[in-house]
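The values are calculated or read from the model by the stated rules, or taken from the named source; none is laboratory data. Values in this document were obtained by computation on a predicted structure and should not be read as measured data. Quick note on the areas: whole protein, heavy atoms, side chains included, nothing else; ligands and nucleic acids left out. Shrake-Rupley method; radii C 1.70, N 1.55, O 1.52, S 1.80 Å.
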Amino acid sequence: MHPEWIAYITIAFILVVLNLTVCFYVFAVGSITPSCLFKTIPIPMEAIFHSMNDGVLVLDNSFRLIECNQASQKMFPQLNKKMFGNNLSKVWKEIFGLEFPFQLKMAAQSMQLRLTPGDNMERTYQVRTSLLQHANNRKGLLLIFTDITESKRLQTQLEHLAYYDELTGINNRRAFFQRCNDLFSEAKQDGETFTVILMDIDYYKKVNDTYGHYAGDLLLVHIVRACQTQLQAGELFARYGGEEFVFARKSCTAAEGEALANRLRVIATKPFATSEGMISVTVSLGVAEATKGGEETLSQLLNKADQALYAAKQQGRNRVCVYKESLFALGDNLLKCQNDPRIEHDLPLTGIGNKITATNVSL
């Protein structure tokens, strides 16, 4: 037989034997485990280290930088091997001009960190530390940086949608109750006064019916911007629903709430320009102060303010009414109301030319 044919037959026989061996192993064991594969096909640990998406810094037991992977060098372009052997605090200060923001210790930790690396864009990282055992029982530390900027952005966006009114940008009803309950509880514990104000735009539906919902949306934004000029930073102000808004103030009496409500009423009536012309409306407000030392809930307090608001509507709108317990206890629906001779009774609004003016027609 020709020598070349002998060689071909020998190779074929070896391949058949190898295939039969693998099939027997799979049949006997059930599957080839990853550990077997790693033993069969060794993968250099250095290749795995540098193929990671997370940035990794390796420190010795004195927190000196002794190694870093390629991902960390992409995250922090100023990082280079010349820094090896230096303490992390020195390395960090050289890269960012700041001290490392956390106290390092030989233990597992997790924290979030905002940084502005080489691209001058602020990014958020999840930083985890993990103990590392070197040869000869020497210990070290791994610092693992995971870029979570996008997930944090989405989280912030979802939180904004959950707690802020999309149209006006102020707190929505859910956020109001969450924040106000805490504020109300604090006022009770500290023995401080607490007042809420409900505000409603008079004849808001008339604006929508006359000029369309776009003009109605502009009006809501206008009212919010006007009210914000009268509020202190961080003061609780929210869209309660529809054309109704709510304010809450700690360390505020009913008299102080009434004064604020009147400032809001005056500023909110200023006309604003639309494509249809100038639009001017009025608002009605109800004020209620929490009972000191009582077991009153926030819902009960808001109900009082709502009753005061209803009384303001009943008495002609464009006014402020303050809830008085004594009057309601007697079954009298009269409340202490702002009587300003400069205020006209608020009447339905209709369009005349490009303006809205008062008429004596009831809706």
* Which ³J(HN,Hα) values in Hz, rounded to whole numbers, follow from the phi angles of the stretch 194-210 under the Karplus curve 6.51 cos²θ - 1.76 cosθ + 1.60, where θ = phi - 60° and Gly and Pro get x? -> 8, 10, 10, 10, 9, 10, 10, 6, 6, 6, 4, 4, 4, 5, 4, 5, 7
* Can you tell me the accessible area per residue over the stretch 76-232, all protein chains present, probe 1.4 angstrom, in square angstrom? -> 58 Å²
* Structure fact -> If amide H atoms are modeled at 1.01 Å from N in the peptide plane, then the residues at a separation of 5 or more from LYS324, or on another chain, having amide H under 5 Å from its own are LYS336
* Asked: How would you classify the stretch 220-283 from its alpha-carbon gyration tensor, with a ≥ b ≥ c the square roots of the eigenvalues: rounded for a/c under 1.5, else prolate if a/b is greater than b/c, otherwise oblate?
  -> prolate
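Using the Kirkwood formula on the Cα atoms of the stretch 58-126, what hydrodynamic radius do you get, in angstrom to one decimal?
Value: 12.8 Å, from the Cα pair sum.
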* **Hz values of 3J(HN,Hα) by residue in the stretch 90-107 - Karplus curve (6.51, -1.76, 1.60), Gly and Pro given as x** => 5, 4, 5, 5, 5, 7, 10, x, 9, 6, 4, x, 10, 7, 7, 8, 7, 7
* Asked: Amide H neighbours of ASN86 under 5 Å, counting only residues 5+ apart in sequence or on other chains, H built in-plane at 1.01 Å?
  -> LEU65
* Which ³J(HN,Hα) values, rounded to whole Hz and listed in residue order, are derived for the stretch 82-87 from phi using the Karplus coefficients 6.51, -1.76 and 1.60 in 6.51 cos²θ - 1.76 cosθ + 1.60 with θ = phi - 60°, glycine and proline given as x? -> 5, 7, 4, x, 8, 5
* Pull up the cross-link candidates among the lysines for LYS93, meaning alpha carbon to alpha carbon under 26 Å and not fewer than 8 places away within one chain. => LYS74, LYS81, LYS82, LYS105, LYS139, LYS152
* Asked: By its C-alpha gyration tensor, with a ≥ b ≥ c as the square roots of the eigenvalues, how is the stretch 102-191 shaped: rounded for a/c under 1.5, else prolate for a/b larger than b/c, else oblate?
  -> oblate
* Structure fact -> Amide H proximity to TYR164 below 5 Å, modelled H, separation 5+ or other chain, gives ASN172
* So, with a 1.4 angstrom probe, what is the percent of accessible area on the stretch 220-278 that is carbon and sulfur? -> 53 percent
